[in-house]
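These notes concern the structure reproduced below.
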Amino acid sequence: MTSDDTARLRATVDFVTSQHTATLLPLLLPGLDGPELRALTDRCRFAHAALLVFPADPPTLRAELTACGLTCDVAEQPSVVVRKRLALRYQRDAAELDVRILRPTVLGLEGEPRVVEVFTLTVPPGSELAAIAAHERIDDNEAHLAFEVERPDPLVLRGLSSIFERHGAVADGGGYNPHEDGTVFYFTAPADSKAGYRRVELYASGDHRDVLASHLGSDRSDEPAETLLRLFTGAWTTQALATCAQLRLPEALDIRTATAVESLAQAVGAQADSLATLLRYLAMLGVVSQGPDGFRLTELGTLLRSNTSGSMRPLALMYGGPFYHSFALLLHAVQNGQTGFEQLFGENHFDYFARHPELAERFDQSMAASSRMFEPLPAHPVLTAAGRAAEPRTIVDIAGGNGELLGRVLTAHPSLHGILLERPNVIESARRSLAPTVGDRCTYRAGDFADVPPGADVYILSRVLHDWDDDRCREILRDCARAMPAHADLLIVERLLPADGSPSLATAWDLHMMCNVGGRERRAEHYARLLDSAGLQLVDHSPLPLDAHVLHARKAASPAHVPARRR
């Protein structure tokens, strides 16, 4: 670590060991009066402070921790949250940022145990990550204070959150961690806070997601009419996000420095007063934040930039464009069983996009925007076994779009060869995308489902079957079964409808597929029946991000078949 990191670490240790809850809270929340201060100190205790440091290597980190009087007997763990925040902030691939977390303990003024939460990102001399380190040492975006709530219950948590907000703290996310059975409520500290930290968290043991929903703004009122009124505005949200993306507001905004509305209006070609109205709404959504000098982009908003890793801009344009318009015919779809898209445009969306190349390209980009669901897939046992096989193995990605998923698999397993089967108008785009990373290890085949190449070892159907009704799905699966050798595996990526009716993205996409595509989402047992009708059997299924799952199937006659189970 640099001397700056060492100084920051020592300052954090001194802060944690020297602060008293009763004196720290008034610094954090100026204007806190006697009764409210007593209410907080009776139910909260100062637990830790956190910072992010940038050691040159692990031995350097350990030496500096020791020099600051810190020992940590527990092994460091990956910090997924901070890694993702850095990736969004600096438009980097999260895989490049190996952020770790250590929690060495110290003693407070009265001998009570506290923690110095140390996030680490190794930055060797000359590393291109040095620029990130320089910015973070100045901005300290990941530094925060934490208070643990004693004897938490819903009434207490709502009361404590209310006190924080009444004194200028702004709700800034949170979550429930089932691994440690704890709920975290994040706040941005008031602008006039004198505690020296811009972020603060309340930690409560147990599952308090009902209170968290209110904190996050998803349940701001117990009044049914107000709740319903907020639900009515969903269409406005879709159009606000799509307009933000269309104007390229995210590209015109900075994440650290505010920009005045007049300057933004000139940059994006908008009328200043009208743009200010849109920006205030986007601030309510958390896409931008508003300050006295104007607006700046949030980490959430960076996902609407076109050049950021995992950009969701194409999705915003699709859902605010043709799919938005066809949703106006949802009533027709429900009453007649016909897609709103076909009723509006006169043909199904695949044929329509084929005749409008710019929409077809945007659709393929929108599919790639959900690529986070693919991140764990290359580690699936089927692909890992293929990658380690003594003889070269071949993977076929059927209707694989621009090759995002196939590229990830081939990159993770250099011994594999890939075949991408797609429509002729998509193949060239996929070739341009994959050639720089996988070179000649990928073959491109123009065709339809009836053209599935035979003799491969693994076949992938990613987000394909939900586009079609059951009859067409059976045909597609039979095409796959005919091409598959006895030893081959089939991996199917889809969202699964929950069997218990719990909230899920799959339920929302089920409505979307019905109205716009004519397909549907399904439960695992439904897919098992479809596979069985095609001479295939479901081996197992396991979860992926974004409420997706990967289903593993083999030929029914395969001796390797085992009863279907969930991993």
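The values are calculated or read from the model by the stated rules, or taken from the named source; none is laboratory data. Model, not experiment: these values are computed from the prediction. Note that we place each Cβ from the backbone using ideal geometry, even for glycine, and neighbour counts take in every protein chain shown. Just so you know, the surface numbers come from the protein's heavy atoms only, side chains and all, with ligands and any DNA or RNA stripped out. Shrake-Rupley method; radii C 1.70, N 1.55, O 1.52, S 1.80 Å.
Only beta bridges with both residues in the chain are counted; by DSSP, about 60 percent of them are antiparallel. Amide H to amide H distances under 5 Å link ARG495 with HIS549, where only residues 5 or more positions off or on other chains count and H is placed in the peptide plane. Computed as a quarter of the hull surface, the mean projected area of the alpha carbon convex hull for the range 435-567 stands at 9.2 nm². Under 1.5 on a/c is rounded, so check that first for the range 408-477, then, if it is not, pick prolate when a/b is larger than b/c and oblate when it is not; a ≥ b ≥ c are the square roots of the alpha carbon gyration tensor eigenvalues. Prolate shape, in that a/c is at least 1.5 and a/b is the bigger ratio.
Using alpha carbons only, the radius of gyration of the range 307-351 set against its Kirkwood radius gives Rg/Rh = 1.12. A 1.4 Å probe run over the protein chains yields, for the chain, 46 Å² of accessible area per residue, whole-number rounding.
The modelled label-to-label distance between ALA435 and GLU76, using points 7 Å beyond Cα along the C-beta direction, is 4.0 nm. Shape index of the range 506-546: Rg/Rh, with Rg the Cα radius of gyration and Rh the Kirkwood radius from the inverse mean 1/r over Cα pairs, equals 1.04. Dividing the convex hull volume of the alpha-carbon atoms in the range 296-409 by its residue count gives 160 Å³ per residue. Centre-to-centre, using Cα atoms only, the range 312-352 and the range 258-286 are separated by 29 Å. Ranked from largest, the principal axis spans of the Cα set of the range 476-546 equal 38, 25, 20 Å. What you get for the range 428-479, charging only the Cβ of Lys and Arg (+1) and of Asp and Glu (-1), is a dipole of about 320 debye around the Cα centre. Sorted into 10 angstrom bins from 0, the C-alpha pair distances of the range 78-154 split as 15, 42, 25, 15, 3, 0 percent. Of the Cα atoms belonging to the chain, the radius of gyration and Dmax stand at 26.3, 77 Å.
Each label point was placed 7 Å from the Cα along the Cα-to-Cβ direction; for SER263 and HIS135 their separation is 1.7 nm. Report, to the nearest whole %, how much of the accessible area of the chain belongs to carbon and sulfur atoms, 1.4 Å probe, protein only. Accessible surface attributable to carbon and sulfur in the chain totals 54 percent. Largest first and in whole Å, the equivalent-ellipsoid semi-axes of the range 270-344 read 33, 16, 10, each the square root of five times a Cα gyration tensor eigenvalue. Descending by average beta-carbon neighbour count within 10 Å, the peptides 544-553, 10-19 line up as 544-553, 10-19, the highest first. Note on the chain: dipole from Cβ charges, positive end direction compared against PRO113, SER502, PHE232; the farthest Cα belongs to SER502.
Mind running the shape call on the range 18-59? Use the C-alpha gyration tensor, a ≥ b ≥ c as the square roots of the eigenvalues: rounded below 1.5 for a/c, prolate if a/b tops b/c, oblate otherwise. Because a/c hits 1.5 or more and a/b exceeds b/c, the range 18-59 counts as prolate. Taking a ≥ b ≥ c as the square roots of the eigenvalues of the Cα gyration tensor, an a/c ratio of 1.5 or more together with a/b larger than b/c marks the range 9-140 as prolate.
When peptides 103-110, 161-168, 535-542 are ranked by their average number of other Cβ atoms within 10 Å per residue, the highest-first order is 535-542, 161-168, 103-110. For the pair THR411 and ASP153, the difference between a 0.36 nm per residue extended length and the Cα-Cα distance amounts to 88.1 nm. Max-minus-min Cα coordinates of the range 352-487 on each principal axis give 45, 35, 24 Å, with the largest extent listed first. Modelled spin-label separation between GLU358 and ARG62, with each label point placed 7 Å from Cα along the Cα-to-Cβ direction: 5.9 nm. Highest mean first, the peptides 480-492, 268-280 sorted by other C-beta atoms within 10 Å per residue fall in the order 480-492, 268-280.
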